[in-house]
Amino acid sequence: MSQPPNPSAPSLPGCWWHPNRPTGLSCARCGRPACPDCLREAPVGFQCTDCVQTGAQQQKQQHRQYRDAGMGSRTIAGARLSNSYTVTATLIAVNVVVFLITVLQAKSLFANQVAPVEQAGVLWPSATLGGGELWRIFTSGFLHYGPIHIAANAFSLWMMGRALEQVFGKIRYLALYFVSMLGASTAVLLFQDVDGATAGASGAIFGLLGSYAVIVLKLRLNPSALLVNLVINAYVTFAIPGISIYAHAGGLVTGALVTAAMLYAPARNLARWQAIGTVIVAVALVGLISWRATQIPTVSCEFHQFQGRTDYGCTQSRSG
């Protein structure tokens, strides 16, 4: 009995790129037949070389758009990665320029405290609260007594400020710096004698030191460098006469609080929560200053001539 002939096996399609190579494989993305030499392993199945290149180009374009929209790589504080030290360098430059102005006015490198700018800007509780000269809360942070004072603070700001500016970015870093300055001034106004004068960027710099401490705790870093900094600054604060302990302590605590508000804010709407936390700290400080102002007698302040030089003084206002 004769049998029907065997049906011929179906012919395989040729590779899209090599038509003379029959293949039973195909690209998982475009579906075109492809030989093993033209396929590349993909997250799902295998893709042809054309689809692999197209996918890579699309991924680069999406990453570029993502980065340009401000959603690229971020630091622990939510800032975009940057190697810029613009804010730190600007703060140092402003401090140095103001110091040189006081030197020119006083015509002395070491006795610049007699300069009118110095007298009108240092943190003097009686004039600040009793005389309503609230600008002293911040102007005092840019005034210094002598070259050693400005040199030490400029060096400290450069050493700590660069790293923290990278962590926080420009806006957050400025907020940290000036709220720390506000905290340092608040402590002076609350606890220092009303007739004492304080000046220097060290209050804000101690705020950066407090910020550094919170970062070390948050990331569980080696605390050796932090401890060395704390010991050195504690020695300088308590061993050298004329250093404002209150300003250093106030700046340290405030910087730590602001940093905690930034680093432990909810990830969703991070910038908004960071702003709210920072504003809460600032408002609390303003509230303390306002309360302290009610306890300071009202004074009238002005420049006057004394022994051939211009001095700034305040006299208590008479009621009735």
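The values are calculated or read from the model by the stated rules, or taken from the named source; none is laboratory data. Because the structure is a prediction, the values reported are computed rather than measured. Ideal geometry is used to build each Cβ from the backbone, glycine not excepted, and the neighbour counts take in all protein chains shown. Areas reflect the complete protein model, heavy atoms only, side chains present, ligands, DNA and RNA absent. Shrake-Rupley method; radii C 1.70, N 1.55, O 1.52, S 1.80 Å.
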Worksheet item: What number of residues in segment 301-315 are open to solvent by 60 Å² or more (accessible area, probe 1.4 Å) and in contact (Cβ under 8 Å) with a residue 60 or more places away in the chain?
Response: 2
Discussion item. Anything in segment 279-300 that is in contact (Cβ under 8 Å) with a residue 24 or more places away in the chain and among the hydroxyl-bearing types (Ser, Thr, Tyr)? List them, or say none.
Written reply: THR298, SER300
Item to complete: Return the residue satisfying two criteria in turn: it lies in segment 265-274 and is assigned to a helix (DSSP H, G or I) and free of Cβ contacts under 8 Å to residues at least 60 places away in the same chain, and of such residues it is least open to solvent (accessible area, probe 1.4 Å).
Response: TRP273
Response to the item:
Taking segment 153-162 and keeping residues open to solvent by 40 Å² or more (accessible area, probe 1.4 Å) and in contact (Cβ under 8 Å) with a residue 24 or more places away in the chain leaves TRP158, ARG162
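Here is a yes/no grid of residues against (1) part of a helix (DSSP H, G or I); (2) touching a Cys at 6+ places or on another chain (Cβ under 7 Å); (3) open to solvent by less than 30 Å² (accessible area, probe 1.4 Å):
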residue: LEU91; (1), (2), (3): yes, no, yes
residue: VAL94; (1), (2), (3): yes, no, no
residue: LEU100; (1), (2), (3): yes, no, no
residue: LEU109; (1), (2), (3): no, no, no
residue: VAL117; (1), (2), (3): yes, no, no
Discussion item. Take the conditions buried (at least 18 other Cβ atoms within 10 Å of the Cβ) and at pLDDT 95 or above and apply them to LEU252. Does it pass?
Written reply: yes
Discussion item. Against the conditions (1) touching a Lys or Arg at 6+ places or on another chain (Cβ under 8 Å); (2) outside any helix (DSSP H, G or I), where does MET262 fall short? Just the number, please.
Written reply: (2)
Worksheet item: Which of the residues spanning segment 119-142 are within 24 Å of ALA175 (Cβ to Cβ), of a type outside the set (A, V, I, L, M) and assigned to a helix (DSSP H, G or I)?
Response: GLY121, THR128, ARG136, PHE138, THR139, SER140, GLY141, PHE142
Practice prompt. Take SER140 and decide whether it is of a type in the set (S, T, N, Q) and either farther than 19 Å from ILE92 by Cβ or free of Cβ contacts under 8 Å to residues at least 12 places away in the same chain (or both).
Written response: no
